1. Multiply the residue separation of Ile87 and Lys6 by 0.36 nm, subtract the distance between their alpha-carbon atoms, and state the gained length in nm to one decimal.
2. Which of Thr17, Thr81 comes first, and how do the rest follow, when ranked by fewest Cβ neighbours within 10 Å?
3. With respect to the cross-link table entries Lys6/Lys47; Lys24/Lys47; Lys3/Lys24; Lys6/Lys58, which display a Cα-Cα separation exceeding 27 Å?
4. Using only helices, what value at 222 nm comes out for the chain when you add -39,500 (n - 2.57) per DSSP H run of length 4 or more and divide by the total residues, to the nearest 500 deg cm²/dmol?
5. If you line up the long axis of helix 58-72 against the longest principal axis of the chain, both from Cα atoms, how many degrees apart are they, to the nearest 10?
6. If neighbour count is taken as other Cβ atoms inside 10 Å, put His67, His35, His82 in order from fewest to most.
7. What are the residues whose amide H is under 5 Å from the amide H of Cys31, where those residues sit 5 or more places off or on another chain and H is modelled from the backbone?
Amino acid sequence: MTKTEKRLEKALIQQLTQACEALKATCPSFCYLSHTGSMKKLDATLKVQLYCTQPLSKSELSQALVHLNHHLEALSCSLKTHQVKVIIEPTS
């Protein structure tokens, strides 16, 4: 991994952490997120998984996408709906 890719990865993690905190504040069923993607082609390969305790409504998913894209804007990156996956984790 090049220095540029390492810097991009660090910035991506910072932006996704901020988006995570925003989602926790606005979506009660949201728990955490994770991501995958190649730093070489981030805009095309980035995928985000949202872990929630129950399914998100259409409006909650739209709001989550707005939060994510707002924070990713700093990296000149944006997500489309098919790049976001909601995973349900039942509470124990």
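1. On the way: separation 81, 0.36 × 81 = 29.16 nm, distance 2.77 nm.
Residue separation times 0.36 nm, minus the Cα-Cα distance, leaves 26.4 nm.
2. Going from least to most buried by this count: Thr81, Thr17.
3. Numbers: Lys6/Lys47 18 Å; Lys24/Lys47 19 Å; Lys3/Lys24 32 Å; Lys6/Lys58 34 Å.
The pairs that break the limit, which is 27 Å between Cα atoms, are Lys3/Lys24; Lys6/Lys58.
4. On the way: 3 runs with 43 residues, N = 92.
Roughly -15000 deg cm²/dmol at 222 nm, from the helical runs in the chain.
5. So the inclination is approximately 20 degrees.
6. Numbers: His67 20, His35 15, His82 7.
In increasing order of surrounding Cβ atoms, one gets His82, His35, His67.
7. Amide H to amide H, under 5 Å and 5 or more residues apart or across chains, Cys31 pairs with Tyr51, Cys52, Thr53.
No lab work stands behind these numbers, since they all come straight from the coordinates. All values reported here derive from a predicted model rather than from experimental measurement. Cβ coordinates were reconstructed from backbone atoms using ideal geometry, including for glycine residues, and neighbour counts include every protein chain displayed.
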